[in-house]
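Data first, discussion second: the structure below is written as structure tokens.
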Amino acid sequence: MTGKIIRAFGRYYTVSGGGVEMNAVLRGKIKSDPRLKKFSEPAAVGDNVDYTVDAEGLAVIEHVHERRNVFTRKDRGSPKEDLIAANIDQLFVVQAFREPRFNLRFADRLLVRAEKENLPAALCMNKADLSLPEDIEYIRNYYEASDVRFVNASALSGYGRDELLELCAGKTTLFAGYSGVGKSSVLNMLFPGIDLKTSEVSESTGKGRHTTTNVRLIAMGKNMSVIDTPGMREFGLLDIKPEDLSGYFPDMRKYEGLCRFAVCTHDHEPNCRVKEAVENGEIHIGRYESYINILYSIKEYYANMY
Ligand code: GDP
Ligand code: ZN
């Protein structure tokens, strides 16, 4: 039988197949599949799988189909990439104008991952009811040169609903963000039947570790699905090589090959075209600082490894 993983909870999965949902586990031998070994968990939400059903009605996942793409993170402390989801069409990074205030460096980390996987991505700026015009202006300037789309929304008032729904139509969209930004509230606004639990900001639980636990895919009909992920505080990109990073910043990628050194990380190298672009305002200084922040986290990791 063939089905799709719609929920991951530790080692337990829910598979949807043949019109029913079943609890599922992995067949042990799956872990030695060379395609799956590079990830800390061999299967994830969004995976299409072959399964058998045992005498107790438990599904056993026998085989994971080829994936179109994966959404992963790689943090210090985990030797492999954490597999959050597979086979997605686009990423929505949810942030809030206030309470908690947006953190574009965090957003950039997710956007880099999306670039690496060739996934379209957009920013959903929630709590627009708390926004100031200068916030909106800042974000517009920040992303102008990289052409990142952002949608202002308010789950409280319903503002932005039509625009977000239009972007979600016919696609599988992964929603990610740290807790408190209103990700659950936004999903409830978009899809009233989905009924996600929301929580006060003060009781937010988003521990860094368990991103791959309690991920859920919810089919909303007409080929439209959303993948809800738990709030995350960190988002590591330690699988990326320092010299490759700027290739995932569209505003920097434009200058590829124009620096004095063929391999330039746009940090302390002389005659760097990217740094020149930062100085004359073609690249937003905040974006450049965000790049340097990621670059140093990666360089530090490599330095400690060898
Ligand atoms: P999550 O952790 O990202 O899923 O966030 P929740 O959906 O649980 O929301 C966190 C808090 O933000 C709750 O107290 C919500 O009522 C509040 N909230 C959500 N959306 C909005 C909004 O658009 N405006 C305002 N002012 N508060 C919101
Ligand atoms: Zn350079």
Using alpha-carbon coordinates, inclination of helix 285-305 to the longest axis of the chain, degrees: 70
Take each of the peptides 179-186, 276-283, average the number of other beta-carbon atoms within 10 Å over its residues, and list them starting from the highest. 179-186, 276-283
Go through 44-50, 150-156 and give me the packing order, highest mean Cβ count within 10 Å leading. 44-50, 150-156
Specify the residue with the greatest mean-square fluctuation among Ala55, Ala86, Ala262, computed from a Gaussian network of the chain linking alpha-carbon atoms under 10 Å apart. Ala55
Taking N as its residue count, the alpha carbon Rg of segment 29-156 over 2.2 N^0.38 Å: 1.36
Taking the convex hull of the Cα atoms, report for segment 72-228 its projected area averaged over all directions, in nm². 9.3
Given 10 Å bins starting at zero, what is the percent of C-alpha pairs of the chain in each, up to the one with the largest pair distance? 6, 26, 32, 24, 10, 2, 0
Inter-part gap, Cα centre of segment 245-306 to Cα centre of segment 1-67, in whole angstrom, is 40
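Every read-out reported here was derived from the displayed coordinates using simple, explicitly stated rules and does not represent laboratory data. Keep in mind that what you see is a predicted model, and the values were worked out from it rather than measured. Neighbour counts are summed over all protein chains in view; Cβ atoms, including those assigned to glycine, are modelled from backbone coordinates with ideal geometry.
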